[in-house]
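Below is one structure, written out as structure tokens; comments come after it.
The values are calculated or read from the model by the stated rules, or taken from the named source; none is laboratory data. All values reported here derive from a predicted model rather than from experimental measurement. Ideal geometry is used to build each Cβ from the backbone, glycine not excepted, and the neighbour counts take in all protein chains shown. The protein model used for the area step is the full one, side chains on, heavy atoms only, and it has no ligands, DNA or RNA in it. Shrake-Rupley method; radii C 1.70, N 1.55, O 1.52, S 1.80 Å.
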Amino acid sequence: MSEQGKGSASASAAAPAPGSDTYKGWLFKWTNYLKGYQRRWFVLSNGLLSYYRTQAEMAHTCRGTINLATAHIDTEDACNIVLSSGGRTYHLKASTEVERQRWVTALELAKAKAIRMMNDQSDDSGDEEPTTQSDRSEIQGTLKILVSKLDDLSTCNDLIAKHGAALQRSLSELEGLKVSVEGGEKIKAVNERATLFRITSNAMINACRDFLDLAETHSRRWQRALQYEREQRTHLEETIEQLAKQHNSLERAWREAPTLASTTPSAPTTNKGSERLHKEEASDEDEDTEYFDAMEDSPAFITVTATENTQHRRSQSNLSGASGGHSNDWNQDDHMSPSCNDVSGKELQPLRQRRTRVPDKPNYSLNLWSIMKNCIGKELSKIPMPVNFNEPLSMLQRLTEDLEYHELLDKAARCDSSLEQMCLIAAFSVSSYSTTVHRTAKPFNPLLGETYELDRLEEFGYRSLCEQVSHHPPAAAHHVISQRGWTLWQEITIASKFRGKYLSIMPLGAIHLHFHSSGNHYVWRKVTSTVHNIIVGKLWIDQSGDIEIVNHRTKETCQLKFSPYSYFSRDVPRKVTGVVSDSGGQAHYILSGTWDDKIESSKIIQSSRGGSGSEGKQKTVYQTLSPKLLWKKYPLPENAENMYYFSALALTLNEQEDGVGLTDSRLRPDQKLMEEGRWDEANSEKQRLEEKQRAVRRRREAEASDALDDGREYEGYQPLWFHQRRDSVTGETNFVYKGGYWEAKERQDWSMCPDIF
């Protein structure tokens with residue numbers, strides 16, 4: 001082999017020490033007999049040795065990689081290194097013997113570590129451990145680190161012994177040469193020091209091994225003690241919770257007992273009981289109301305039912321102004337004013353019998369490897385995702401599901417108080433997440449120009465229309481108008497981030513709600529949805545973040561907080577809390593509940609500054625009346641677990657109807673085939689539709705390019721029923737309904753609709 005380049009500088013460029021996880025530098029690699037050795041940049045990381053032509057190539061092009069776990073490392077002469085693995089051999093050369101030795105040391109350390117990682121892989125490849133195992137994870141992790149470091153030391157010791165023996169052989173050979181007496185004594189002294197160094201390193205390794213054995217022995221004792229303490233803590237928390245429930249029940253029974261006694265002739269009222277009631281009425285601290293911590297700290301709710309006497313007394317007292325002059329519109333029977341609770345004669349019974357079930361979901365097994373194998377060599381945008389990941393509804397239909405609890409908006413339209421109206425709108429904004437708790441499947445991505453109508457004018461007084469207005473990025477526009485006094489519109493763009501174990505879905509865009517009679521205009525945005533256990537485990541969904549609802553006419557606000565799930569939190573899962581404030585920032589109502597079950601509201605009758613919170617801030621304690629139910633989730637239909645966990649409304653969304661537009665999601669063939677259980681046909685049809693959409697996009701791009709070459713102005717794709725306008729309230733540009741759809745439906749004229757299916 002050629003010896004060219006021996007004098008070239010191939011020293012490592014700022015390479016770390018050989019014992020670190022990553023080692024980089026220049027080496028010469030044998031290529032062929034024409035070119036001989038060529039200078040290459042080598043990177044040693046995570047048990048893999050990779051090389052590049054230049055350092056700049058690290059960002060995009062790797063020329064080759066060898067796994068050291070199965071590699072054989074050999075040295076031919078002073079500067080050469082030979083690596084062989086699986087029929088592949090690298091002949092490498094360093095510029096100096098010292099540089100060669102550094103690389104050999106780094107390679108041997110990396111090989112030992114790679115072998116350990118391969119042996120431990122089976123221990124780390126399982127799913128999440130149960131609770132008892134996770135309690136031991138911290139100790140086991142520490143022990144694993146100690147074992148790893150001890151193995152590193154052991155490898156270093158082997159290397160020291162190997163090189164020390166070679167050094168001693170060299171010194172022995174020097175002693176045999178004819179040297180001066182003084183030189184012989186120095187060589188002998190060096191030989192003794194090398195022997196002493198080997199003995200010391202062996203003693204160090206033995207001491208480390210003894211330490212690890214001792215730590216492992218004691219860790220079992222610590223582990224048992226920790227597990228016992230955690231079990232005792234859990235038992236104590238459960239006991240306290242039971243005692244609190246019993247205390248509350250006894251307190252409620254005690255309050256009801258005098259009332260029952262006074263209405264029953266045979267039950268005498270004792271003087272002691274009367275005295276107790278008089279004491280209760282005369283007390284300054286009213287214990288029959290609720291106290292809420294302010295939103296700046298984690299809210300801790302203490303719920304005690306208010307008595308009739310207490311509420312009557314408070315309604316005639318001068319409070320601290322928290323009620324804001326609205327005390328008369330809130331009564332004990334119902335928090336809402338009579339105008340909110342009045343049910344007008346417009347409430348109609350459904351005129352049409354809708355379907356109550358869909359075909360059961362087939363039990364098809366999903367072979368992830370077969371999907372990945374079919375994706376090899378294809379562009380990411382052309383990879384067809386099978387319908388196994390989907391549910392037989394489109395994203396437009398999922399958007400329409402926000403209207404499941406439309407009666408909250410009907411009730412809000414009848415409210416005279418804008419603050420009470422705000423409470424109902426907050427409940428409506430939370431209710432849109434109630435169907436997601438079990439719905440882990442992905443809806444179909446709508447095709448560009450796809451629409452979906454939901455005409456419930458005769459039944460519930462509203463009409464809804466959605467259209468996919470953009471494909472990259474995917475965006476949908478939605479418009480709802482109700483005969484019961486409100487209009488809702490929104491444009492939602494979905495942004496997502498895959499973070500390994502979970503997927504974050506962030507809906508971008510504002511939701512607008514306008515009430516016709518009062519002119520109140522509310523705006524809010526959606527929170528982040530997170531799908532957990534994407535790779536391994538059972539999928540589950542969480543909602544987290546903050547929602548600010550603003551009434552742009554009165555400047556009143558509602559701050560809602562969706563608490564993310566935490567294993568260590570003692571709060572109820574899926575918790576939602578909120579505060580409704582007027583334009584001056586004064587709080588009037590507290591909202592509480594969960595996004596998968598119910599939302600309650602409590603009117604604030606007094607507020608005071610309390611003690612300091614966990615972050616040093618002073619808490620505001622809200623004293624409220626007893627909570628009243630604003631929204632309660634409908635129970636799921638029977639057999640919902642076999643019907644994709646669809647709600648009653650979702651079961652009807654894909655039901656065929658006469659007279660809908662030619663681009664309606666009900667007419668999408670792949671979605672309909674999936675609903676019927678014909679998944680193989682649905683996959684083929686889905687791939688055909690996606691390829692058809694790509695062909696249309698390529699045609700538009702070609703037309704745009706031709707227009708640019710000819711100097712003509714080219715108008716890109718324009719939605720059929722929506723156009724972009726600047727919102728006068730928020731100042732944002734978004735798609736709003738321009739009209740014409742329902743008129744076209746009346747005429748049954750769909751000639752303007754594109755052929756997308």
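So here's what we get for this one:
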| read-out | value |
| --- | --- |
| Long-range HN-HN contacts of Glu450 with modeled amide H, under 5 Å | Gln468 |
| Net charge dipole size for segment 569-701 [Lys, Arg +1 and Asp, Glu -1 on Cβ; Debye, nearest 20] | 820 debye |
| Potential lengthening between Gln687 and Met204 on full extension [0.36 nm per residue; Cα-Cα distance subtracted] | 167.4 nm |
| Percent RCO, i.e. relative contact order, over segment 473-526, from Cα pairs under 8 Å lying at least 6 residues apart | 29 percent |
| Paramagnetic label zone (point 7 Å from Cα along Cα-to-C-beta, Thr65; backbone N under 19 Å) in segment 75-97 | 83-90 |
| Surface accessible to a 1.4 Å probe, Glu231 within the full protein complex, Å² | 100 Å² |
| Förster radius 41 Å - calculated FRET efficiency between Leu34 and Leu177, Cβ distance, rounded to 0.05 | 0.40 |
| Qualifying chymotrypsin sites (Phe, Trp or Tyr not before Pro) for segment 531-575 [loop in DSSP, other Cβ within 10 Å: at most 11] | Tyr567, Phe568 |
| Accessible-area ranking of Ile145, Ile604, largest first, probe 1.4 Å | Ile145, Ile604 |
| Residue order for Trp254, Trp524, Trp222 - accessible surface, 1.4 angstrom probe, largest first | Trp222, Trp254, Trp524 |
| Pairwise label distance in nanometres, Thr733 with Asn119, each label 7 Å out on the Cα-Cβ vector | 6.4 nm |
| Phi to ³J(HN,Hα) by Karplus 6.51 cos²θ - 1.76 cosθ + 1.60 over segment 665-677, Hz, x for Gly, Pro | 4, 4, 8, 6, x, 5, 5, 5, 5, 5, 4, 7, x |
| Contour minus Cα-Cα distance for Trp750 and His72 (0.36 nm per residue) | 236.9 nm |
| Amide proton proximity set for Trp486, modelled H, under 5 Å, gap of 5+ | His516 |
| Links that overshoot a 28 Å alpha carbon limit, given the list Lys555/Lys619; Lys361/Lys526; Lys598/Lys672; Lys111/Lys144 | Lys361/Lys526; Lys598/Lys672 |
| Met204 accessible area, assembled protein chains, probe 1.4 Å, Å² | 90 Å² |
| Placed amide H near Thr620: partners under 5 Å, 5+ positions off or other chain | Ala294, Gly610 |
| Residue-level accessible surface for Met385, protein heavy atoms, 1.4 Å, Å² | 90 Å² |
| Residue-span extension gain [Asp658 to Glu701] - 0.36 nm each, minus C-alpha spacing | 11.9 nm |
